[in-house]
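The values are calculated or read from the model by the stated rules, or taken from the named source; none is laboratory data. Being a predicted model, the structure only gives us computed values, none of them experimental. Here the Cβ positions follow ideal geometry from the backbone for every residue, glycine too, while neighbour counts run over all protein chains shown. For the accessible areas, the whole protein counts, side chains as well, though only heavy atoms, and no ligand, DNA or RNA atoms are used. Shrake-Rupley method; radii C 1.70, N 1.55, O 1.52, S 1.80 Å.
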Amino acid sequence: MPDPIRVRFAPSPTGYLHVGGARTALFNWLIARKLGGVFVLRIEDTDRERSTDASTRTILDGMTWLGLHWDEGPVHQADGLARHQADARRLLDAGKAYRCFCTPEELAAKREQLQHEYRYDQKCRAIPADQSDARAAAGEPYTVRFRVPDGVTQWDDVVHGETRFENASIDDFIILRTDGTPIYNMAVVSDDIDMRITHVIRGDDHIPNTPKQILLYQALGAPVPAFAHLPMILGGDGKKLSKRHGATAVGDYAQLGVLPEALFNFLALLGWNPGDEREVMGVDELVQAFSLERINKKSAVFDTEKLFWMNGRYLEHKPADELLALVAPLLVKEGLITEAEAEARRDWLLHLLEQLKVRARGIYEIPKMARVYLAGEVEYDADSVAKQWKDPATAERLGVARDALQALEPWTVEAIEPALRAAAERAGVGFGKVAQPLRVALTGSSASPGIDHVVYLLGREGALRRIDRARERLAAGTGV
Ligand code: GLU
């Protein structure tokens, strides 16, 4: 048996969990599940100024909500400081790195002079080791720079294919600051070696770091992992996805009523596809179908419309009792029902949700849709009224429906439509001529679940009361 693959998600806890970060986490998670590998979570908190515990919590909560459970960690990068330093020292001792005594002022002056042409002039590269040791021992401040060798650094990127950088284009970069703390690339490589990471899967904004990191692996004598750089995520206008495009935090979508399984599915399709027409795919199906080789090079577009469409498909298939657990607190919060009523009317609420869930695109739409079944008053939609009540015979047809419902026995959902059809037939009109004005009378709108369910959910008394109110409006001429 080959060793299991080991992948990691390495967020910096300096803000919320961005959907792009979540997509990176998700691709790592998927490939770990698919190949029976290990998914490690590492919190890159070496930037003490910008890292916060609150941000770490938000990231962990977002991952947990999405179902991205990690097998190891969270490991805090800051805890690895001594090892990062030891690795950098090893490079220094082996002559693969050197002390740079240039002062910040000196470097700033050169940078000022050369502007974007600026490169470190390698002034301290040539300082003999004994002199360098002596200056350090005397307390002179220094940074440690990596001695970039001649040649070319290349790798076969799983997504982008053969990628190469001339080493001459890479500055002798700093690996330890004057205060002895490691620079980002040093800490990442030291950690990835320590964690025995086999595949580094991350956003393609990291491509410029990769040659430096590969040089560090080689210098430290460690095997170089495979790299897969994920395509960028764009907004609908083709620009890099940002707050300008709307919500970009996983938590925002949770607030907007998106189900975690829907966001999971949607993110999996950002820059990857199964190679066939499938779009709505559950977690197990995604794990089955996933492969790094099918990740696109091209940027992916974050299409919010598609996300809500997909969410609608997940809502439609979610069992009503699971949905009720999410929706009941919202109904209570909106003052549409009390907790005790929600308990007592559980079966009725389940019936209602069965009807509403196929029409909602987000959980938060459901209380709005449920209002008409829970509130005493109907709010009439002017367009629906104008369209469905314009026939002068409307009041009479509502009367026909009223009589049929008043007399209906037994009061079951199955009996309602046949009774209304028979009544329409007796009145000599098609079923729609009764059902449509009735729908507006009962719900205020011409879009609703099936009329049989609407009537049943309102109950006989409620339905008759609304018909009476509609007929009063029509009689008073306020109907149309
Ligand atoms: N901490 C880095 C980031 O949040 C990720 C580093 C990596 O994946 O190598 O962008």
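General observations
- Condition met for F264 (outside any loop (DSSP other than H, G, I, E, B) and either within 16 Å of the ligand (Cβ to nearest atom) or more than 12 Å from the chain's Cα centre (by Cα) (or both)): no
- Of residues in the range 14-45 being assigned to a loop (DSSP other than H, G, I, E, B) and within 9 Å of the ligand (Cβ to nearest atom), the one surrounded by the fewest Cβ atoms within 10 Å (Cβ to Cβ): T14
- Considering the range 293-307, the residues that are surrounded by fewer than 20 Cβ atoms within 10 Å (Cβ to Cβ) and not acidic (D, E) include one that is nearest to the chain's Cα centre (by Cα), namely T304.
- Meets criteria (closer than 11 Å to A395 by Cα and touching a residue at least 24 places away in the same chain (Cβ under 8 Å)) for L438: yes
- Note on the range 335-344: residues that are among the charged types (D, E, K, R) and surrounded by 15 or more Cβ atoms within 10 Å (Cβ to Cβ) amount to 1.
- Qualifying strands (runs of 3 or more DSSP E) (wholly inside the range 96-185; at least 2 residues being within 16 Å of the ligand (Cβ to nearest atom) and crowded, with 16+ Cβ neighbours inside 10 Å): 152-157
- Test for V283: is it within 19 Å of the chain's Cα centre (by Cα), surrounded by fewer than 22 Cβ atoms within 10 Å (Cβ to Cβ) and modelled with pLDDT of 95 or more: yes
- Among the conditions (1) in contact with a strand residue (DSSP E or B) (Cβ under 8 Å, 6 or more places away or on another chain); (2) under 24 Å from D157 (Cβ atoms); (3) crowded, with 20+ Cβ neighbours inside 10 Å, the only one that M232 does not satisfy is (3).
- Among the residues of the range 350-393, those identified as within 30 Å of A476 (Cα to Cα) and assigned to a loop (DSSP other than H, G, I, E, B) are A375, G376, E377, V378, E379, Y380, D381, W389, K390, D391, P392, A393.
- E417 falls short on exactly one of the conditions (1) under 24 Å from Q255 (Cβ atoms); (2) in a helix (DSSP H, G or I); (3) at pLDDT 95 or above, and that condition is (1).
- Residue check for T443: more than 30 Å from G257 (Cβ to Cβ), open to solvent by less than 50 Å² (accessible area, probe 1.4 Å) and either of a type in the set (V, I, T) or in contact with a Gly (Cβ under 7 Å, 6 or more places away or on another chain) (or both): no
- Every residue from the range 411-424 that is free of Cβ contacts under 8 Å to residues at least 12 places away in the same chain and either open to solvent by less than 10 Å² (accessible area, probe 1.4 Å) or closer than 24 Å to A475 by Cα (or both): none
- Counted residues, the range 220-229 - those being within 26 Å of R89 (Cβ to Cβ) and surrounded by fewer than 21 Cβ atoms within 10 Å (Cβ to Cβ): 5
- Members of the range 366-379 that are open to solvent by 40 Å² or more (accessible area, probe 1.4 Å) and modelled with pLDDT of 90 or more: K368, M369, R371, E379
- Yes/no for R359 being of a type outside the set (D, E) and touching a Ser or Thr at 6+ places or on another chain (Cβ under 9 Å): yes
- Complete set of residues in the range 446-469 that are polar (S, T, N, Q) and at pLDDT 95 or above: none
- Of all residues in the range 277-319 being in a helix (DSSP H, G or I) and among the aliphatic types (A, V, I, L, M), the one that is nearest to K34 (Cα to Cα): V287
- Just one of the numbered conditions (1) within 16 Å of the ligand (Cβ to nearest atom); (2) part of a helix (DSSP H, G or I); (3) open to solvent by 40 Å² or more (accessible area, probe 1.4 Å) is not true of R196: (2).
- Pairs with Cβ under 6 Å, 6+ apart, first in the range 61-76 and closer than 20 Å to V188 by Cβ, second open to solvent by less than 60 Å² (accessible area, probe 1.4 Å) and aromatic (F, W, Y): W70/F39; D71/F39
- Residues being open to solvent by 10 Å² or more (accessible area, probe 1.4 Å) and either free of Cβ contacts under 8 Å to residues at least 40 places away in the same chain or not small (G, A, S) (or both) - total across the range 394-410: 11
- Single residue of F290, F264 found to be modelled with pLDDT of 95 or more, open to solvent by less than 60 Å² (accessible area, probe 1.4 Å), under 24 Å from T64 (Cβ atoms) and in contact with a Lys or Arg (Cβ under 7 Å, 6 or more places away or on another chain): F290
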